[in-house]
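This report refers to the structure that appears directly beneath it.
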């Protein structure tokens, strides 16, 4: 006995909801959709093809976060593992509400990243080194955690020549009332 289409839709909706409405063709197959029905769902308008192999449920609105998730899903390898991370600039624009459709989603991928298809419009990729262990998640999206250089403390000013600076003996004089307010 097969799974009902309503049950499949509920499973896919639950998965896509956790991914800002987006999912991959492979994830749809894992839920139980046959490869042969993907085009049908796109033609009927229930799925929106965002990139090759990446879809968004039409019932869920396109947002800046869904654009970022679709771009990340586009970088997945043959095993379904996402190979990219959003740049900190893209994450900041996303969080501040300034990531408009005119601004591309910028990502960093490892040096060995290979895709058989061209980079889609709306995505910019920079090749970096060893993303592993240098990512964090913001809104469930992988973001490159760039370490900021530590601020160096200001060096003490170099004193040249003789300068009268307060010291312990000045404090003693002040305490014993041996100095005036002008000293």
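The values are calculated or read from the model by the stated rules, or taken from the named source; none is laboratory data. Keep in mind that what you see is a predicted model, and the values were worked out from it rather than measured. Quick reminder, even Gly has a Cβ in these numbers, built from the backbone with ideal geometry, and neighbours come from all protein chains shown.
Annotations for the structure displayed:
- Any hit, the range 91-109, residues being over 19 Å from the mean Cα position of the chain (by Cα) and either surrounded by fewer than 21 Cβ atoms within 10 Å (Cβ to Cβ) or assigned by TED's automatic domain parsing to the domain that holds residue 6 (or both): no
- Condition met for residue 26 (within 13 Å of the chain's Cα centre (by Cα), closer than 28 Å to residue 144 by Cβ and surrounded by fewer than 19 Cβ atoms within 10 Å (Cβ to Cβ)): no
- Scanning the range 110-128 for residues that are surrounded by 14 or more Cβ atoms within 10 Å (Cβ to Cβ) and part of a loop (DSSP other than H, G, I, E, B) gives 113, 115, 119, 120, 122.
- Within the range 65-77, at least one residue is at pLDDT below 95 and surrounded by fewer than 19 Cβ atoms within 10 Å (Cβ to Cβ).
- When each of 77, 35 is tested for being under 24 Å from the mean Cα position of the chain (by Cα) and over 16 Å from residue 123 (Cα atoms), the lone residue that passes is 77.
- Qualifying positions in the range 1-16 - more than 15 Å from residue 46 (Cβ to Cβ) and under 27 Å from the mean Cα position of the chain (by Cα): 14
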